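The values are calculated or read from the model by the stated rules, or taken from the named source; none is laboratory data. Please read all numbers here as calculations on a predicted model, not as lab measurements. Note: ideal-geometry Cβ built from the backbone for every residue, glycine included; neighbour counts use all protein chains shown. Calculation scope for accessible area: heavy atoms of the full protein, side chains included, ligands and nucleic acids excluded. Shrake-Rupley method; radii C 1.70, N 1.55, O 1.52, S 1.80 Å.
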Amino acid sequence: MADTDFRWQAFFHRSADPLFLLNRQGHVLFVNRAWEQLTGIAAAQARRLWGRRPEQVGLERNWRDVLIHVLTPPAEVFDGDVGRHRRLVPAHDAKPPAWWDVDFFPIRDGKGLLGILGRIVPAGAIPRSAGPPLPESALAARVKVVQRLGGLFLGSKLPEIRRVEEQVRLASQVHSPVLLVGPAGSGKTQLARRIHFRGPTREQSFAAVDCRRLPPFAVAALLFGEVGAASRAPLATIYLKEPSYLPRDLQARLLTWIQADAGTDAAHPPRLIAGISDDPSADVAQGRLLEDFYNALATLRIDVPPLVRRRDDLPHLVDRCLQRLGRGKTPAPRLLTADAWEIVLAYSWPGNLRELYTVLQSASHRSAADPIDATHLPLYLRQAVRLGPELATPTERPLALDSLLERVERRLIELALRRHKGNQTRAAEMLAIWRPRLIRRLRALGLADAAPETEEPST
Amino acid sequence: MRHPQLLIHAADSLLSEMLSPAAKRQRWVVRHPREWEEVWELLEVGGAGVLVLRVGRDLEAEMMLLERVTDLFPDTGIVVVGDAVHAPLAGLAWDLGASYVLFLPQPPELLEAVVEGLMQQPAGAR
């Protein structure tokens, strides 16, 4: 037994990651050498620490209090979930203040929590010019986002998607521009975020700029201006959605960014990723996209397939959408009924992932927490699937406009007369027409006998 | 036809006043939700629009709100408005999915133009 204990400790001591082990109460049982080197605290001293201080510690507090705060797991870990938090660490041992990301992995036996294994990942020093650091609580949302984006892309078996995964992984490791080409709603923005948040500059910021919707002068202010827009945010990656909508002079200025970045070891301007829904060569041919700018962006091109080519992934995608909806206000349904599945699998999803999510969101609202069935899905979806190939060659049906208008007119006149108890003068006023016209229409519609004139008693 | 909705999450009326002329001109439905639950209901029932989020009073709640709206209502444009230039806060807001970040004081035209632009539906949205 003693041999085995020795081996696991030696194993952890060999790790370059600072590791620690807590008991279920949060007392430190073990720290490895990397932890000692990072913190400057020997293992014997560390075993007197107890991770029970969730509140942020001020930068002026002593190092022991800071470490206790670092070692304190988030609440969900005691419930058995993996947790992560980001901790602000003040200057110590001639090192500047920094952020540390701390992962907590609960270890359970048959009865409950046995202990917690922790790992510290230094996330970078806080630049002096950045202003006062943000409070840890404000960063909790970012920690969640980074955790979600760091996981497996899809776990898809489709060769096309596995290729995209590999390209995203490669793109995250290099600094060159990336061009994502795929239909609207196919997930290009999420891919751009993954490329950034899995790369070496993930501690700096990522901005998605919608070139189609934002006015050009606002985009220019963000990219090049001083006027409070970017406010010198530490942007390492800028994702341009539909850059063909940018004026050509802005495209030319962005091209100089790319060219300057390629030729020097000096501090990099933000890395550019672009997303284009249409055929980029058509945009170039029609003069909407500068050819040199396009060529520079397409240094690494990733083609994102439409959802219709990913039907095998639909069960997994639907599950992920429902899990995502479950993060909202009320519990979202976790199931689709068989008839709902039939429609989801048969539909062509021209709006891709965005449409899938929107449909499930509205269906989830209609179904409350019950399983989603076909009646919860939008009518257009059900019609598109049930009409099937007939949609390709729709048969022409005459639209009887006159008959339709007459029905509407009849209904409105009946309503107005009923509202005013047969008083034609009042009914005409309600319909914003002269009374003689109302009388003519009553005769024409055959309503004259059914709507005899009545007058309210004068007051 | 449903009018696009403009949600303003702020402690005072400054942003409402700045956007009031554009809101009248464009016939936006303007609402002032206070909590996440209200924002959620308005977006779920009223459809995507634009959320203008003033930050600085309760950063934890404001950043959580930003993250949740981005996650659950990705077609909603979000404009984050801060009181004073703060680079880390701008970076965080961008990271969490803001469509635009700006710091006061600003000419109303910039905020108006950004909100008007974001009121357009994203490409390919139904």
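Within 10 Å of each Cβ of A:209-221, how many other protein chain Cβ atoms are there on average? Could you put the intermediate results ahead of the total?
On the way: counts 3, 8, 0, 4, 13, 9, 8, 2, 4, 9, 3, 0, 5.
For this peptide, the per-residue mean of nearby foreign Cβ atoms is 5.
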Round to a whole angstrom and tell me the spacing of the C-alpha centers of region A:6-31 and region B:32-65. 42 Å
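Residue separation times 0.36 nm, minus the C-alpha to C-alpha distance between A:Lys111 and A:Ala384: what's the value? Spell out each step's value before the answer.
Values: separation 273, 0.36 × 273 = 98.28 nm, distance 5.21 nm.
Length gained, A:Lys111 through A:Ala384: 93.1 nm.
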To the nearest 10 degrees, the tilt of helix A:435-444 (Cα long axis) against the first principal axis of the alpha carbons of chain A is 80 degrees
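Using the beta-carbon distance between A:Ala369 and A:Phe11 and R0 = 45 Å, what value does 1/(1 + (r/R0)^6) give for FRET efficiency, to the nearest 0.05?
On the way: r = 46 Å, r/R0 = 1.02.
E(calc), rounded to 0.05, equals 0.50.
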Could you work out the equivalent-ellipsoid semi-axes for chain A, taking the square root of 5 times each eigenvalue of the Cα gyration tensor, largest first, in whole Å? 59, 32, 25
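Which FRET efficiency value, to the nearest 0.05, do you get for A:Ser137 and A:Arg419 by plugging their Cβ-Cβ distance into 1/(1 + (r/R0)^6) with R0 = 51 Å?
Values: r = 58 Å, r/R0 = 1.13.
After rounding, the FRET efficiency stands at 0.30.
Of all accessible surface on region A:243-373 at a 1.4 Å probe, what whole percent is carbon and sulfur? It would help to have the intermediate numbers written out before the result.
Values: 3190 of 6200 Å².
C and S atoms contribute 51 percent here.
Under the rule a/c < 1.5 gives rounded, and otherwise a/b versus b/c splits prolate from oblate, where does region A:94-224 land using the Cα gyration tensor? Don't skip to the answer; put the middle values down first.
Working: a/c = 2.22, a/b = 1.22, b/c = 1.82.
Judged from the Cα gyration tensor, region A:94-224 comes out oblate (a/c at least 1.5, b/c at or above a/b).
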May I ask you to give the percent of accessible area on region A:12-106 that is carbon plus sulfur, with a probe radius of 1.4 Å? 50 percent
Enter the angle in degrees (range 0 to 90, nearest 10) between the Cα long axis of helix A:136-150 and the first principal axis of the Cα atoms of chain A, meaning the one along which they spread out most. 80 degrees
Evaluate the distance, in nm, between pseudo-label points positioned 7 Å from the Cα of A:Gln37 and of A:Val308 along their respective Cα→Cβ axes. 5.6 nm
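Just for the protein assembly as shown, what percent of DSSP beta bridges are antiparallel, to the closest 5? Can you show the working numbers first?
Details: 28 of 65 bridges.
Close to 45 percent.
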Roughly how many Å² is the accessible area per residue of the protein assembly as shown, as a whole number, for a 1.4 Å probe? 51 Å²
Once Lys and Arg get +1 and Asp and Glu get -1 on their Cβ, which of A:Ile116, A:Gly182, A:Ile195 lies farthest toward the positive end of the dipole of region A:94-216? A:Gly182
Which angle between 0 and 90 degrees, to the nearest 10, do you get for helix A:159-173 versus the longest principal axis of chain A when only C-alpha atoms count? 50 degrees
Rounded to the nearest 100 Å², what is the sum over both chains of accessible area buried where A meets B, with a probe of 1.4 Å? 4200 Å²
Spelling it out for A:Gly115: with amide H atoms placed in the peptide plane at 1.01 Å from N, the residues 5 or more places away or on another chain with amide H under 5 Å from its amide H are A:Ile107
Label A:Arg440 and B:Glu109 with points 7 Å out from Cα along Cα→Cβ: what is the distance between them in nm? 5.3 nm
Between the modelled labels at B:Ser16 and A:His316 (7 Å from Cα along Cα→Cβ) the distance in nm is 4.8 nm
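Using only alpha carbon pairs under 8 Å that are at least six residues apart, calculate the relative contact order of chain A and give it in whole percent.
This gives 9 percent for chain A.
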In debye, nearest 20: dipole of the protein assembly as shown around its Cα centre with unit charges on the Cβ of K, R (+) and D, E (-)? 540 debye
